[in-house]
Amino acid sequence: MKKLLSIIALGMLSVTMLFAQSDQFVPTAPSNKKVVLEEYTGINCTWCPDGHKRANQIVAQHPGEVFLINVHAGSYAANTYTTQFGNALANQTGLDGYPSGTVNRHVFSGSNTALGRGDWASAANQILGSSSPVNIAAQGTLDWSTRTLTLTVQLYYTANEANSTNMLNVAITQDNVLGSQVGMSLNPDQVVGTQYRHMHMLRHLITGQWGEEITTTTQGSFVEKTYNYTIPANLGSPNAIPAYLEDLHFIAFVAQGHQEILTGCEAQITNINMPALYPRLNGLTNTTPLDCSENASVSALVINSGSESINSLTFEYIVANGTPQTYNWTGSISSMQSSNIDLPAFPVSTNVNQQVKVRITAVNGQAYDGAQLNTTLKKVLAQGGGAMTIKIKTDNYAEETSYKIYGPNGNVVQSGNTFSNSQVHEIPFTPSELGCYRIQLLDSYGDGISSGYLRVYGADGTLLLNITGSSFTSEANAMLSVTMVGIDEVESESVVVYPNPASDRVRIAGSDDIQMVEIYNLQGQKVSSTAGNVHEISVNGLSNGLYIFRITTDKGVSSVRVAVN
């Protein structure tokens, strides 16, 4: 017996049957529950990225058994990412902070369903270990030419359900939504340049706020519902964003009314009428090398939204409105998969913002008119040395501020994290060796340092480096090429290098016990090293310019600038 019901408003077809048919794909054997983890989140929530990371780890531990729905709601959320459904979902959880999450909307203790992120994993294990009275499966097609989803959801009750009426829900989530996020450093896997890659974002509920009623819930009942839904160009009304079909997922679940979720699944979708070749440039990551070269680079995140594999791409990139450059990439990106592709490093002007424009001009040898993406990069680089001064100005949350200085070997040589609110703190810094140093300014909350900064001054008061507190969220890095170190005290003698300038050889006088002579260029690179009690060094092989002679004796270390011509 078959009953047909047309619901024009949603464009749905529903079929309810008491007995299985030949096209039945839902399992009939009793099984345990699957997990639907609804995470309540927002772009201004510092610890939400850590919640995203923990939820992803639960999915990785239980593939095919845990399904994520990230609901942007509450005061920490931006209107762009909220939906008409989010606040009602959040209000029923009893949450008292963000991030919070519900695991199958189950009450594990007390009277609320909301759980802190530290409890999600154990709650998920508990749900996965309990039997479900109903099985659920969903499959369908997505026609790219018309953007029409045809989705069939089947239920089979393996036991009598306690409630005579259940609610069937179908949610649309979206991946790869690039935007801002406070605290993004807590989940670096989802950071793309200066933006955050939002995943599993709730965009719509096809079945409405609380789902469609299921009135047959006794053992042996088979229920089939088919939904026809045309996906608009933008999803999330009233705050819509572009809906890329390749980024959408469809999560179906059965609930007892508005609360307890019995089980869920992700629909298996067959894409039809897809474009054959459709590489989508989804984001650019600034991969500026943390060294003292005047180079930078970007990494392009490419999503293959076509039906054929991508084996080659041609990129055009323009730096600071300069001459267009071309990069030919070969590899393999399967349909509906993505890959980060590093473009070659290119020279940049340091200490200034520069726009980089990137687009794809060919795919698999065929001309392609890809959309252009822009990003702004700035390589903060300076030269200095000797006795320098670091000045750090904090905001009203000084406890969130810290700094680290990494030496040429990558080890931390100086750091600090105890400051006073809205004060300027002066910190001496005298490097002990030549080379490339990285100065890192950190904000643990992830919202930068309002009106604050980190500045490095030379011994003569010249400003060498300036990191503004508004230019970053969690972390900022600047590179310092140290061309002169502090000279250790020499009690009874001084070291003399002559002639200076030199064109052939230099002589070293003033100490009878020389242990090492090292020569560095002004980029901090060591160009030669001679061990032993040497008093004469050839400079024939050096290019014209200034060099630092670092001379180690039994009394200490001296650094002398020598001009070679």
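Flag set for G365, criterion: free of Cβ contacts under 8 Å to residues at least 60 places away in the same chain and over 26 Å from N176 (Cα atoms).
Can you find, within the stretch 486-534, the residue that is surrounded by the most Cβ atoms within 10 Å (Cβ to Cβ) among those that are outside any loop (DSSP other than H, G, I, E, B) and modelled with pLDDT under 85? Please lay out each step first, then the result.
The first filter runs over the stretch 486-534 and keeps only residues outside any loop (DSSP other than H, G, I, E, B), leaving 496-498, 502, 505-509, 514-521, 526-531.
From what is left, the residues that are modelled with pLDDT under 85 are 520-521, 526.
Details: Y520: 24, N521: 17, K526: 15.
Per the stated criteria, the residue is Y520.
Condition check: at pLDDT 95 or above, in a helix (DSSP H, G or I), surrounded by 17 or more Cβ atoms within 10 Å (Cβ to Cβ) and in contact with a His (Cβ under 9 Å, 6 or more places away or on another chain). Does A55 satisfy that? Yes. Answer yes or no as to whether N70 is in a loop (DSSP other than H, G, I, E, B) and within 17 Å of G183 (Cα to Cα). The answer is no for N70.
Within the option set A77, A137, being among the hydrophobic types (A, V, I, L, M, F, W, C), surrounded by 15 or more Cβ atoms within 10 Å (Cβ to Cβ), under 24 Å from Y196 (Cβ atoms) and touching a residue at least 24 places away in the same chain (Cβ under 8 Å) holds for one residue only, A77. Within the option set Y227, Y196, being aromatic (F, W, Y) and farther than 23 Å from A55 by Cβ holds for one residue only, Y227.
Of all positions in the stretch 191-211, none carries a residue that is free of Cβ contacts under 8 Å to residues at least 40 places away in the same chain, more than 19 Å from the chain's Cα centre (by Cα), not in a helix (DSSP H, G or I) and not assigned by TED's automatic domain parsing to the domain that holds Y445. Do the conditions hold for S299, that is, is it assigned by TED's automatic domain parsing to the domain that holds Q355, in a strand (DSSP E or B) and either surrounded by fewer than 19 Cβ atoms within 10 Å (Cβ to Cβ) or at pLDDT 95 or above (or both)? So S299 fits the description; yes. Selection of the stretch 232-254 for residues being of a type in the set (A, V, I, L, M, F, W, C), touching a Phe, Trp or Tyr at 6+ places or on another chain (Cβ under 8 Å) and crowded, with 18+ Cβ neighbours inside 10 Å yields I251, F253. Of the numbered criteria (1) of a type in the set (G, A, S); (2) within 29 Å of the chain's Cα centre (by Cα); (3) part of a loop (DSSP other than H, G, I, E, B), the one G257 fails is (2). Looking across the stretch 171-181, just one residue is surrounded by 23 or more Cβ atoms within 10 Å (Cβ to Cβ) and assigned to a loop (DSSP other than H, G, I, E, B), and that is Q181. Here is a check on your reading of the model: is K391 without any contact (Cβ under 8 Å) to a residue 60 or more places away in the chain, over 23 Å from I548 (Cβ atoms), surrounded by fewer than 19 Cβ atoms within 10 Å (Cβ to Cβ) and not β-branched (V, I, T)? Criteria not met by K391. The strands (runs of 3 or more DSSP E) located wholly in the stretch 384-462 that include 1 or more residues which are within 27 Å of the chain's Cα centre (by Cα), small (G, A, S) and not assigned by TED's automatic domain parsing to the domain that holds C48 occupy 401-406, 412-416. Filter the stretch 274-323 down to the residues that are polar (S, T, N, Q) and within 30 Å of N521 (Cα to Cα) and list them by number. Hits for the stretch 274-323 are N286, T287, T288, S293, N295, S297. The set of residues in the stretch 428-462 that are at pLDDT below 95 and among the aliphatic types (A, V, I, L, M) comprises L434, L442, I449, A459.
For the stretch 307-316, the candidate set comprises residues that are touching a Pro at 6+ places or on another chain (Cβ under 8 Å) and surrounded by fewer than 22 Cβ atoms within 10 Å (Cβ to Cβ); within that set, the residue that is nearest to D247 (Cα to Cα) is S307. Scanning the stretch 217-240 for residues that are outside any strand (DSSP E or B), under 14 Å from T173 (Cα atoms) and under 27 Å from the mean Cα position of the chain (by Cα) gives G236, S237, A240.
When the stretch 439-451 is filtered for residues that are over 12 Å from E400 (Cα atoms) and surrounded by 19 or more Cβ atoms within 10 Å (Cβ to Cβ), only I439 remains. Mind listing whichever residues of the stretch 535-551 are at pLDDT 85 or above and not aromatic (F, W, Y)? Answer for the stretch 535-551, where residues must be at pLDDT 85 or above and not aromatic (F, W, Y): H535, E536, I537, S538, V539, N540, G541, L542, S543, N544, G545, I551.
Restricting T82, T93, T41 to those that are under 20 Å from N176 (Cα atoms), of a type in the set (V, I, T), buried (at least 17 other Cβ atoms within 10 Å of the Cβ) and without any contact (Cβ under 8 Å) to a residue 60 or more places away in the chain reduces the list to T41.
The values are calculated or read from the model by the stated rules, or taken from the named source; none is laboratory data. Computed from a predicted structure; not experimentally measured. No Cβ is skipped: glycine too gets one built from the backbone with ideal geometry, and neighbour counts run over all protein chains shown.
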